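Colleague: Got a structure for you, questions after.
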Amino acid sequence: MKRRTVLIYLFLLLLLPAATLRAQKPGRNRREAAEQPVLPSYDSLVVQRGTLAAREARIEKRLDEARQLFTADAPGRDALGANIVELERQLFEVREELESLAATMTDMEREQGFSLPLVQQETNETTGNGNRMLVRNRYFSDNLPVADYRQLLGAQEKEVRVAELLAALRENYGRMTVLLTAYQTAQKGPQADSIYSGIRTLAAENDELTGIIGDVWSEIFDTKVYAYNYVLDKNGENDLLALQEKQMNDLLLLEAEIEGEYMYEEAARYALQKLLVSGYETRIADRAGLKEAADSLNSLTPPTDRIEDYFLPVLDTRERMFYDFADAQIVRPARYKGIGEVPQVEIFPRGSMYRILLGAYSRAQPVSVFRNVYPLSQEVKADRKHYYYAGGYATYAEAEAAAARLKRQGFRNPRVVAWHNGRYDDAPGAERTQTGTVDNGTRIRYRVEIGGAGENLSRVVRDVIATRAAGKELSRTSEPATGAPLFVVGSFNNKALAESLVNDIGTVEPGLTLRIVTVP
């Protein structure tokens, strides 16, 4: 699957810094606050450096594995070579970013005379209104029952575990992509079996990881949302509660949208739910006056900053079927000395294989009956008859043409038979597909088209798309009639989500032309 999901305008507040939220309280000029440049804090750069360093390590590991396969003359050298070039490009870009970041941080250290490691910042107790860690403040300990507060602290501690599990999941996924590159062009044999064994091991590990991630993160998410709503309700913060209720409804739409679209729904669901919780926490810290916690939360990179790290495209990790496609020909000298040399027919559990049935007999036949046709295969079915087949074809048309040719060469009644996903079909037709299925209709999908924006979408519209349609592709094209710029978001499985996005964009920028189009 190729590389390839966006909550309402209010949901956009999830990504807004706490300082901006404070500026929007009564008594402050919103326009003046919005125009103030937001400079990155030193601790946010430390977070960014850690993220880039981790990405650098993942790319290096994948690059080493690809190079080892390439050096070992593994299958698919051309594809592996292209994969190595792409990984080297990504590694170069990451290292350039790290160098630029290091220079910026050095300048800040020189100007401000400090260097603050991230670990110290997260655990450092502060004076005033509490701790940089949101939940370790009296605002929660005083407002929550003892048991609930203890559970909230436990949920916070488990977040590190989820991050570690997700990192392992993405690492395994990256290694699978490298192995699959080689496996897709491997020839049948021990080498292909060895590569596939590695793929199966990684896939099994990730299946186990997703189960754990789903369980642990669900507990964290439910605990945090319950505790935050409890405290807000107790303190009469009805506007935040109303906002949260709306965002939770939007989240349900997004979660329905990702079903069946990605390799690991647990990872994609985490990104969406973490985005909601992160924004919720930032607003609570700001509303409660917990400046240290608000600043700390505001410096963290949101999990959807690199959405592709969580919205992982589906990989085809199924075992390949090495089909023995071969045209039936009369050859001389004969390839089989006796009927005992004719192999048993190979039946594949997936896909379709067409062969030419030369005859079904109550007893085994001498090989001379088949007039030097090659290749042959045979089997004894449940009716105890001996079946003999010639050739192997990917399509009905190819097999039908070969059967007609054999009939002209003297065979009495050669006819096409097939196996579809391991099941025998003694009368296949041209309408059958290679997978043995007939197209019974396609899934309806939708896209959102945005016109009237000029050459570029405004930042506020892009922010709405980035949160309300997280992971969906945003592309630019032209109006067929006028040639004016046209921006396209999607596609969507859920029309309600597309409609919600249109409403939100229309709210923040009413002058745009918005429409929902059914994707053919």
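The values are calculated or read from the model by the stated rules, or taken from the named source; none is laboratory data. Everything quoted here is computed from the prediction, not taken from an experiment. Glycine gets a Cβ as well: all are built from the backbone with ideal geometry, and neighbour counts include every protein chain shown. Note: accessible area is taken over every heavy atom of the protein model, side chains too, but ligands, DNA and RNA are not part of it. Shrake-Rupley method; radii C 1.70, N 1.55, O 1.52, S 1.80 Å.
Colleague: Can you give the Kirkwood hydrodynamic radius for the stretch 199-283, in Å, rounded to one decimal and based on Cα pairs?
Modeller: 14.3
Colleague: Residue by residue, what Karplus-based ³J(HN,Hα) values in Hz, rounded to whole numbers, does the stretch 252-262 have, using 6.51, -1.76 and 1.60 with θ = phi - 60° and x for Gly and Pro?
Modeller: 4, 5, 5, 5, 5, 5, 8, 4, x, 9, 10
Colleague: Can you run phi through the Karplus equation (6.51, -1.76, 1.60; θ = phi - 60°) for the stretch 464-476 and list ³J(HN,Hα) in whole Hz, with x for Gly and Pro?
Modeller: 3J(HN,Hα) across the stretch 464-476, in whole Hz: 4, 4, 5, 9, 7, 10, 3, x, 7, 6, 10, 10, 10.
Colleague: Rounded, prolate or oblate for the stretch 452-501? Axes are the square roots of the Cα gyration tensor eigenvalues, ordered a ≥ b ≥ c, and the cut-off for rounded is a/c under 1.5.
Modeller: Oblate shape, in that a/c is at least 1.5 and b/c is the bigger or equal ratio.
Colleague: So what does the Cα-only Debye profile of the stretch 193-346 read at q = 0.15, 0.20 Å⁻¹, as log10 I(q)/I(0), no solvent term?
Modeller: -0.93, -1.31
Colleague: Over all directions, what mean area does the Cα convex hull of the stretch 273-432 project, stated in square nanometres?
Modeller: Result: a mean projected hull area of 16.0 nm².
Colleague: For the pairs Lys61/Lys246; Lys291/Lys472; Lys61/Lys472; Lys224/Lys472, flag any whose C-alpha to C-alpha distance is greater than 32 Å.
Modeller: Lys61/Lys246; Lys291/Lys472
Colleague: Quick check: with the 1.4 Å probe, what order do His420, His386 take by accessible area, largest first?
Modeller: The ranking, largest first, comes out as His386, His420.
Colleague: For the ranges 140-148, 283-291, what's the packing order if you count other beta-carbon atoms within 10 Å of each residue, average per peptide, and put the highest first? Each step should come with its number before you reach the end.
Modeller: Details: 140-148: 14.1, 283-291: 21.8.
Ranking the peptides 140-148, 283-291 by packing returns 283-291, 140-148.
Colleague: So, one more: In a Debye calculation with equal point scatterers on the alpha-carbon sites of the stretch 124-206 and no solvent, what is log10 I(q)/I(0) at q = 0.14, 0.17 Å⁻¹?
Modeller: -0.64, -0.76
Colleague: Let me ask you something else. Starting from the residue with the highest accessible area, list Phe370, Phe325 in decreasing order, probe 1.4 Å.
Modeller: Result of the area sort, largest leading: Phe325, Phe370.
Colleague: OK, next. Which of the peptides 355-361, 269-275, 80-86, 312-318 is most tightly packed, and how do the rest follow, going by the mean number of other Cβ atoms within 10 Å of each residue?
Modeller: Per-residue Cβ counts within 10 Å, averaged per peptide and sorted highest first, yield 269-275, 355-361, 80-86, 312-318.
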